[in-house]
Amino acid sequence: MAGYSFIVFVIYFGIVLYIIPKSGFEFDIYKIKFRLFPHWFKTIALFWIVFSILIYILFSSSIEKSNEYLVCAINLALFVFLFSKQKNEDEFSEQIRFKSFTYSFAYFVALTGAFGAISINQNETHSILNNFNLHVLVGVSMLMSLLYFYITLYKMKKEI
Amino acid sequence: MRNTLKIERAIKNLTQDDLAKLIGVSRQTINSIETGRYVPSTVLALKISEVFEKSINEIFQLDVND
């Protein structure tokens, strides 16, 4: 499974290099623009989540650290989902997206900081902020971002 | 910020969807602008003013709290 970990590692770097184009390093507010994946990447991400859960259900007993691999796979799918375009992508959805990112960033930093502070006095092996919990925290933060994004869009759709 | 988008739409007999297609945004965006939940960018405001053949100031007005 080390090969799987390496593939995920490479995919993450590939995604970051794709979504942050050269203009991202020009520090010019007009030029900085995230390059989002096409809308159909959302379908791939959803399929990936379902596939990962199925694999987990079928083979979790025979795979060591199956929980870790499941969370890792779901996190990757959520990351792709977050950075995929809406069907009608415009400045409004872009603004909600950035607000939802800020929301999840604040949530992630606050929780990591809080649990990190508690972990200082804990034994390294039984630390509350271990590798698995950190992965879960990343996933939950992305879920919060998605929830904020879609609830806002839903509310806007409703109020006519 | 207040706006007369709904009135302008009614005058031109356009639905939210029609206007959204004309300026290349989603219907939610038009709805959010009309209900005052979203302030459009200058570019989008200019596109809207072009559709209704009116100046931006005629469609969008500053509120007392702005």
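What follows is calculated from the coordinates using simple rules that are stated; it is not laboratory data. Computed from a prediction, not measured in an experiment: that's the story for all the values here. Cβ sites come from the backbone with ideal geometry, for glycine too, and all protein chains shown count toward neighbours.
Computed quantities for the displayed model
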{"quantity": "Long-range HN-HN contacts of A:F37 with modeled amide H, under 5 Å", "calculated": "A:S84, A:K85"}
{"quantity": "Partner chain coverage, peptide B:29-40 - average Cβ within 10 angstrom", "calculated": "4"}
{"quantity": "Degrees between helix A:131-158 axis and first principal axis of chain A (Cα, 0 to 90, nearest 10)", "calculated": "30"}
{"quantity": "Additional length obtainable on full extension of the chain from A:I63 to A:I44, 0.36 nm per residue less Cα span", "calculated": "4.4 nm"}
{"quantity": "Links that overshoot a 21 Å alpha carbon limit, given the list A:K155/B:K6; A:K85/B:K12; B:K6/B:K54; A:K42/B:K47; A:K99/B:K54; A:K33/A:K87", "calculated": "A:K85/B:K12; A:K42/B:K47; A:K99/B:K54"}
{"quantity": "Test item: A:86-98 mean partner chain Cβ contacts at 10 Å", "calculated": "4"}
{"quantity": "Mean-position separation - Cα centroids, the range A:1-58 and chain B, in angstrom", "calculated": "35"}
{"quantity": "For chain B, average projected area of the Cα convex hull in nm²", "calculated": "4.0"}
{"quantity": "Shape category assigned to the range A:1-42 from the gyration tensor of Cα positions, a/c cut at 1.5", "calculated": "oblate"}
{"quantity": "Compactness relative to 2.2 N^0.38 Å, alpha carbon Rg of chain A", "calculated": "1.17"}
{"quantity": "Chain B: angle of helix B:42-52 to the longest principal axis, Cα-based, in degrees nearest 10", "calculated": "60"}
{"quantity": "Modelled label reach - A:K157, point 7 Å along Cα→Cβ, the range B:15-46 residues with backbone N closer than 19 Å", "calculated": "B:16-21, B:25-35, B:37-38"}
